[in-house]
Amino acid sequence: MCDLLVHVGIDTSRWTGIDIVDALNRSTAQRGWTWPTSAAMSSPLGLLKWRLSRIDWSGPSPTQNATAGRGCDGESPADIADRLVKARRAEIAAFNSSTRTAPPASAEHRKAMREAFIQAQTRRRHRPSQGSVPARRQRGRVAL
C-alpha cells in the first residue's frame, strides 16, 4: 500500500492519511463517481491506484495549509498536526479539570430539593384566588 502511494506521486511526508482520504472523496464527488461494491471489484488496489493517479498531488496538502507557519524546523506537516492536536487535547483536559471543582449533587440533596419544589408548588396551587381569574393571569402571565 505504501509503495502504491509513492508510485502515484504522493509525498507521504506532506500528505497525511486523512488528507488523502479527503482528496479522494472530493475528487469522487466532483467527478460524479461512486465506489463500486467489493463484489464488483476484481482488483481493489488497481482501482485505487487508478483513482489516485487522477488527482494532482503536487500542491500543498490540507494539513500543510492548516499548519502553515506553526511548525518548528525540520517538522513534517504530520508531525506539526500531531503536536497541535496533542496540545489542544491537553488544553481541553486542563479546562475540564479546572471547571469541575464542585462535586455533583448527592442523591440526598436532589431528593430534598425535589421535595421542597413539590411543597412550594402545592402551596402555590392552594392559594386562594382573587375572583374568578387567577392572580397570575391578572399580571399578564400565562399559567403553566
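The values are calculated or read from the model by the stated rules, or taken from the named source; none is laboratory data. As the structure is a computational prediction, the values presented were derived from the model and not from experiment. When we count neighbours, we look across all protein chains shown, and the Cβ atoms used for this are built from the backbone with ideal geometry, even at glycine. Heavy atoms of the whole protein, side chains included, go into the accessibility calculation; ligands, DNA and RNA do not. Shrake-Rupley method; radii C 1.70, N 1.55, O 1.52, S 1.80 Å.
When R137 is tested against the conditions (1) assigned to a helix (DSSP H, G or I); (2) at pLDDT 60 or above, the lone failure is (2).
Go over the candidates S42, S13, S38 one by one and state the one that is loosely packed, with under 13 Cβ neighbours inside 10 Å, closer than 27 Å to G71 by Cα and not acidic (D, E). Only one candidate passes the filter, namely S13.
Taking the criterion of being small (G, A, S), closer than 16 Å to H7 by Cβ and in contact (Cβ under 8 Å) with a residue 24 or more places away in the chain, the residues of the stretch 28-78 that qualify are S53, S58.
Take S61 and decide whether it is among the hydroxyl-bearing types (S, T, Y) and either open to solvent by 50 Å² or more (accessible area, probe 1.4 Å) or in contact with a His (Cβ under 9 Å, 6 or more places away or on another chain) (or both). Write out each step before concluding.
Numbers: among the hydroxyl-bearing types (S, T, Y): yes; either open to solvent by 50 Å² or more (accessible area, probe 1.4 Å) or in contact with a His (Cβ under 9 Å, 6 or more places away or on another chain) (or both): no.
Taking the combined requirement at face value, the residue does not satisfy it.
Scanning the stretch 16-35 for residues that are open to solvent by 70 Å² or more (accessible area, probe 1.4 Å) and among the β-branched types (V, I, T) returns I18, V21, T34.
Just checking, which of A81, A87 is of a type in the set (A, V, I, L, M, F, W, C), open to solvent by less than 60 Å² (accessible area, probe 1.4 Å) and more than 23 Å from L4 (Cβ to Cβ)? Reasoning before the result, please.
Working: A81 fails: more than 23 Å from L4 (Cβ to Cβ).
Unique residue meeting the criteria: A87.
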